[in-house]
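All of the numbers you see were taken from the coordinates with simple rules; none came from a lab. Quantities reported herein were computed from a predicted structural model and do not represent experimental measurements. Please note: Cβ atoms are built from the backbone with ideal geometry, for glycine as well, and neighbour counts cover all protein chains shown.
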Amino acid sequence: MPSNLITPNEVTRIITAAMPQGRVAQVPLERAYGRRLAETVAADRDQPPFDRVTMDGIALRSEAVAAGQVSFPVGGVHGAGQPQPELAAPDQCLEVMTGAVMPLGCDSVVPVEDITLSDGVATLSSPQDISPWRFVHRRGTDYPIGQVLLQPGTLIRGPELAVLASVGRSEVSVRRWPSALVVATGDELVEPGNPVAAHQIRMANDYAIAGRLTGMGLTEVSRVHLRDDPELIAAEMARGLEDFDLIILTGGVSRGRFDHVPGVLENLGVKKQFHRVNQKPGKPMWFGVGPTGQPVFALPGNPVSALVCFHRYVEPALRAMSDEVMPPRQVELASSLSFSNDMTRFVPVNLLPGSAQAQPLELNTSGDFFALAGSSGFCELPAEHRVFKAGVELAFFPW
């Protein structure tokens, strides 16, 4: 490996160490799904908060049944959501519904199918089955007041939303996604929908990256196109460093006469962490940290290179920034591959239906992003090997 190149593992380590922790924000409960909790959530009261009836039927005193009583006058009807009533006399019962507060003076519930109601009297069909607290969900048996229910970093899904609602939370603290500026550089680029000359191409990288950021949950994502003019790039990047938490550029990062991005960024106080990685595609990738800690990713302009670098490095770093660490995914190579040099390779693949096997795709160049349409993602083939036989397990990154 050339001495001026670093490995993908070193890239991951450097980026991880440089990423700031996501800021905490309060969001309404209905917008919290899929976010990571940024606070400890404890029970605000016992759960259940009262002795809860779990069957439709009657509530009575088990002592009366133990003494031989099998018929009980019904003293009233008590439903869920009503204040707790009191049994008027120990030889009576109350008709109760599932979810109701257990009446004061009662300690057992008899299901409706085990009684016969006639002229306001309930007669038990199986008195031998009656026992204290039968069909009663006792107060605090799920958890007591003050018990920690959710820890910081918990992924909020349906069950977690139910817990949050049950403890009265209308808002919740989550890791806020950063605001992001996506910059496409290049004189050759034209906005889709505008006339395109024979020597021009339409912008694609910024749309792909901005779309993925929005799909991840980022709500403040802006795009801008900059010509290969160092003064113009410097002015826009100065504004970007003031206004955004994160900047992602594509293009202008290699070693050509018009590749101004690295020099401009460093002149603005963005401290370079690395430039050029021992990988294909995506070797020219650059990464730095702005004056106030903003991550600045400068990705190659070739579309396949830009997409691979984004999904391999930027997306995992952003998820970690918001406490959303994604476990590595492994797949099996469906057919053998070999390479002539010791570089890490990122190979687009299709996952075969119903299996964990990945079929490699052939690309003409790192600009051949048309071949990526419909593909599943890409596999990482480590530089330590040049021959990869079918069946070998590899890290997989979905688009």
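At-a-glance table
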{"quantity": "Inter-label distance, nm, simple model (7 Å from Cα along the C-beta direction), residue 142/residue 224", "calculated": "5.0 nm"}
{"quantity": "Sorted peptide list for 126-136, 84-94, 106-116, criterion being average Cβ within 10 angstrom, highest first", "calculated": "106-116, 84-94, 126-136"}
{"quantity": "Shape category assigned to segment 329-398 from the gyration tensor of Cα positions, a/c cut at 1.5", "calculated": "oblate"}
{"quantity": "Relative contact order %, segment 329-398, counting alpha carbon pairs below 8 Å whose residues are six or more apart", "calculated": "48 percent"}
{"quantity": "Virtual spin-label span in nm between residue 155 and residue 30, 7 Å along Cα→Cβ", "calculated": "2.5 nm"}
{"quantity": "Mean shadow area of segment 86-140, taken as a quarter of the surface of its Cα convex hull (nm²)", "calculated": "4.2 nm²"}
{"quantity": "Candidate values (1) 20.5, 69; (2) 23.6, 87; (3) 31.9, 100, label of the one derived for Rg and Dmax of the Cα atoms in Å", "calculated": "(3)"}
{"quantity": "Residues residue 340 and residue 188, FRET efficiency given R0 of 25 Å [Cβ-Cβ distance, rounded to 0.05]", "calculated": "0.25"}
{"quantity": "Gain in span if fully extended, residue 355 to residue 86, counting 0.36 nm per residue against the direct Cα distance", "calculated": "90.7 nm"}
{"quantity": "Cα-projected label distance for residue 326 with residue 238, points at 7 Å along beta-carbon direction, nm", "calculated": "3.7 nm"}
{"quantity": "Gyration tensor verdict on segment 265-355 (Cα atoms; rounded if a/c is under 1.5, prolate if a/b is larger than b/c, oblate otherwise)", "calculated": "oblate"}
{"quantity": "Within the chain, percent of DSSP bridges classed antiparallel, to nearest 5", "calculated": "65 percent"}
